[in-house]
Amino acid sequence: MTANREIDDILQRAADGGRITPEEALLLYTEAPFHALGEAADTIRRRRYPDNIVTYLIDRNINYTNVCVTACKFCAFFRAPKHKDGWSHPMEEILRRCGEAIDLGATQVMLQGGHHPEYGVEYYESLFSGVKQAYPQLKIHSIGPSEILHMAKVDGVSIEEAILRIKAAGLDSIAGAGAEMLPQRPRKAIAPLKESGERWIEVMTIAHRNGLSSTATMMMGTGETHAERIEHIRMIRDCQDLAVANGYQDTAVEAALEVGGFRAFIPWTYQPENNHLKGRTQATTMEYLRFIAVSRLFFDNIAHLQASWLTTGKDVGQLALHLGVDDLGSIMLEENVISSAGARHRSNLHELIWMIRTADRIPAWRDTLYNHLAVHRTEADDPTDDRVVSHFSSIAMPGKKQLPLVDAK
């Protein structure tokens, strides 16, 4: 109970599984007492996941090129075409990194890269089929609507044709990449050459219709307003409503189905180094945590909520587990894009499991679709591989030094 009856009623309705409006979500985000907000969000988590399990993943982000024509102002990773520091990895190097990832227990790879002016659908067909042929056990959770629009434009084909072709080539899941901020004003300010938020949603809708599920993301802290943050999740919830209405997604079960729809929502915070925005605005820790809780209350139709300890820090990531979060993300064996902009948080497998267990949760290793591969109910169940450390080879460019990341210990 709080001193505000209206806020009490909204929190109670959401905690009971009812839907709240964007206007009500904004009121909670800006006015609700923090502890009451967190308690309501965690009530939803406890009802949805009464087993008290929090999941994690082992994966690797592999970059195939840093050449990009989009030039987003928040990105420190890209290089313009013909730039002296531009590069593209050959298939042999990509497969080598996939093999290393499997050796360390990875079940998923995220293939990410810039919008290379020459890379159309055929390039991605070759990329995905090459990885699947060499390592059929790996799930390919990769690219996003921006890359799909780009490849379709390069080859002059429809969005649907591009999606069907890359799915047939081996793409298992679409990443929520490229969402950043979906509302028009902040999106134009940080990525004026990127597609509109409405176009991003359109591509996801087509992908869901054709049997591809995905994640959804949001980047906080580039000057957007509180209302624009809420508008972002409104657009995503409306898209998911369509998937549920058409039978592409069923959020009544814990494990996401192998059909279209959003499996999880993942908000993360803008990193300020080496990019044109130069950190003039950033989201505070409290803004992030409050938004995590509001997201759990707002998304009555998306099963999972993931905390981004990579951008916010491990202490904030662990605290988010008390605000409705049921997934702590991954031990990313390699990550270069966000790290290039200043993310310095590292972890190892033992520490990630410890973070979950000391938050009074049960750790579980999951796959891309949130199926549990191993549940660590006691310390005796924990894995023993000391090699599983995030960013063990965060070297995007051959011959460059490893990024100066904080020691996991």
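The values are calculated or read from the model by the stated rules, or taken from the named source; none is laboratory data. Keep in mind that this is a model prediction, so the values were computed, not measured. Cβ sites come from the backbone with ideal geometry, for glycine too, and all protein chains shown count toward neighbours.
Against the numbered list (1) within 21 Å of the chain's Cα centre (by Cα); (2) under 22 Å from Ile102 (Cβ atoms); (3) hydrophobic (A, V, I, L, M, F, W, C), Leu149 comes up short only at (2).
Scan the stretch 139-161 and give yes if some residue there is touching a His at 6+ places or on another chain (Cβ under 8 Å) and among the hydroxyl-bearing types (Ser, Thr, Tyr), otherwise no. Within the stretch 139-161 (the criterion being touching a His at 6+ places or on another chain (Cβ under 8 Å) and among the hydroxyl-bearing types (Ser, Thr, Tyr)), the answer is yes, since at least one residue qualifies.
For the stretch 112-134, the tally of residues that are within 23 Å of the chain's Cα centre (by Cα) and hydroxyl-bearing (Ser, Thr, Tyr) stands at 1. Any idea which residue in the stretch 206-218 is surrounded by the most Cβ atoms within 10 Å (Cβ to Cβ), counting only those that are of a type in the set (A, V, I, L, M) and not in a strand (DSSP E or B)? This residue is Ala207. Assess whether Leu182 counts as being in contact with a helix residue (DSSP H, G or I) (Cβ under 7 Å, 6 or more places away or on another chain), of a type outside the set (D, E, K, R) and buried (at least 21 other Cβ atoms within 10 Å of the Cβ). For Leu182, the condition - in contact with a helix residue (DSSP H, G or I) (Cβ under 7 Å, 6 or more places away or on another chain), of a type outside the set (D, E, K, R) and buried (at least 21 other Cβ atoms within 10 Å of the Cβ) - is met. Restricting to the stretch 133-186, and then to whatever is farther than 23 Å from His89 by Cβ and of a type in the set (Asp, Glu), can you tell me which residue is modelled with the lowest pLDDT? The extreme case among them is Glu180.
Considering only the stretch 1-107, give the helices (runs of 4 or more DSSP H) lying wholly within it that have at least 3 residues that are of a type in the set (D, E, K, R), buried (at least 16 other Cβ atoms within 10 Å of the Cβ) and within 24 Å of the chain's Cα centre (by Cα).
Answer list for the stretch 1-107: 34-48.
Against the conditions (1) more than 30 Å from Thr384 (Cα to Cα); (2) surrounded by 23 or more Cβ atoms within 10 Å (Cβ to Cβ); (3) of a type in the set (A, V, I, L, M), where does Val131 fall short? Just the number, please. With (1) more than 30 Å from Thr384 (Cα to Cα); (2) surrounded by 23 or more Cβ atoms within 10 Å (Cβ to Cβ); (3) of a type in the set (A, V, I, L, M) applied to Val131, the lone miss is (1).
The single condition among (1) within 22 Å of Val325 (Cβ to Cβ); (2) polar (S, T, N, Q); (3) in contact with a strand residue (DSSP E or B) (Cβ under 7 Å, 6 or more places away or on another chain) that Gln12 does not satisfy is (3). The residues of the stretch 219-250 that are at pLDDT 95 or above and either buried (at least 23 other Cβ atoms within 10 Å of the Cβ) or within 13 Å of Phe265 (Cα to Cα) (or both), listed by number, are Arg229, Ile230, His232, Ile233, Arg234, Met235, Ile236, Arg237, Cys239, Gln240. Among residues of the stretch 366-376 being out of contact with any Pro (no Cβ under 9 Å at 6 or more places or on another chain) and not β-branched (Val, Ile, Thr), the one that is nearest to Asp51 (Cα to Cα) is His372.
In the stretch 24-40, is there at least one residue being out of contact with any Cys (no Cβ under 8 Å at 6 or more places or on another chain), of a type in the set (Asp, Glu), touching a residue at least 40 places away in the same chain (Cβ under 8 Å) and closer than 30 Å to Arg377 by Cβ?
Taking every residue of the stretch 24-40 in turn, none turns out to be out of contact with any Cys (no Cβ under 8 Å at 6 or more places or on another chain), of a type in the set (Asp, Glu), touching a residue at least 40 places away in the same chain (Cβ under 8 Å) and closer than 30 Å to Arg377 by Cβ.
Please go through the stretch 77-92 and pick out each residue that is more than 24 Å from Gln306 (Cα to Cα) and touching a residue at least 24 places away in the same chain (Cβ under 8 Å).
Answer for the stretch 77-92, where residues must be more than 24 Å from Gln306 (Cα to Cα) and touching a residue at least 24 places away in the same chain (Cβ under 8 Å): Phe78, Arg79, Pro81, Asp85, Trp87, Ser88, His89, Met91.
Restricting Gly130, Gly113 to residues that are among the small types (Gly, Ala, Ser) and at pLDDT below 95 narrows the list to Gly113. The set of residues in the stretch 121-160 that are in a helix (DSSP H, G or I), over 19 Å from Asp172 (Cβ atoms) and not small (Gly, Ala, Ser) comprises Glu122, Leu149, His150, Lys153, Val154, Asp155. Within the stretch 32-75, the set of residues being over 23 Å from Ala307 (Cβ atoms) and not β-branched (Val, Ile, Thr) comprises Asn63, Tyr64, Asn66, Cys68, Ala71, Cys72, Lys73. Mind listing just one residue for me: the one in the stretch 137-158 that is buried (at least 20 other Cβ atoms within 10 Å of the Cβ) and among the hydrophobic types (A, V, I, L, M, F, W, C) and, of those, farthest from Asp238 (Cα to Cα)? Only one residue tops the list, namely Leu138.
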